[in-house]
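One structure is given below, encoded as structure tokens.
Read the figures in this text as sums done on the coordinates, not as results from a lab. In this text the structure is predicted, and so the values were computed from the model without any measurement. Here Cβ is always computed from backbone atoms with ideal geometry, including for glycine, and neighbour counts include all displayed protein chains.
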């Protein structure tokens, strides 16, 4: 049971994810010029070059077409921007500029679709959603509201016979604790 059971929107968990936090954690933004390799799973790797003076991240990767078996090369240029931090140390925070719409974002995604070489873009451009958004169950909200007004869980839930009903009761009780 999901919020959009009819939705065909892709979820971010099924995409390659490129975020400034990981790059910062690995010290990419501390040097003027950096070359390296990023991994996406067991087989998927991507080379990158970062130029701090030009605020550019250049990505190099190969994608094997699952249908034809042909390996295709791709190069992408991603521009970055900075904003000052409020820590008083004169630091900056790095952001990607989405190559498609130009939005300032911390994370870019590349959906992994069969036989398509899609570029990195922001979540809005690909109309991506999160898995949790699809899993939200409105009946739990309804049950929580009724329990709060009625005051007795047994009046609302009634007889519990199926594992699905037990799962819903557990979710309702978790929500009531909040």
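Descriptive notes on the structure:
- Criterion applied to 105, 49 was being more than 27 Å from residue 9 (Cβ to Cβ), free of Cβ contacts under 8 Å to residues at least 60 places away in the same chain and touching a strand residue (DSSP E or B) at 6+ places or on another chain (Cβ under 6 Å), and the one residue passing it is 49.
- Single unsatisfied condition, residue 89 versus (1) touching a residue at least 12 places away in the same chain (Cβ under 8 Å); (2) in a loop (DSSP other than H, G, I, E, B): (1)
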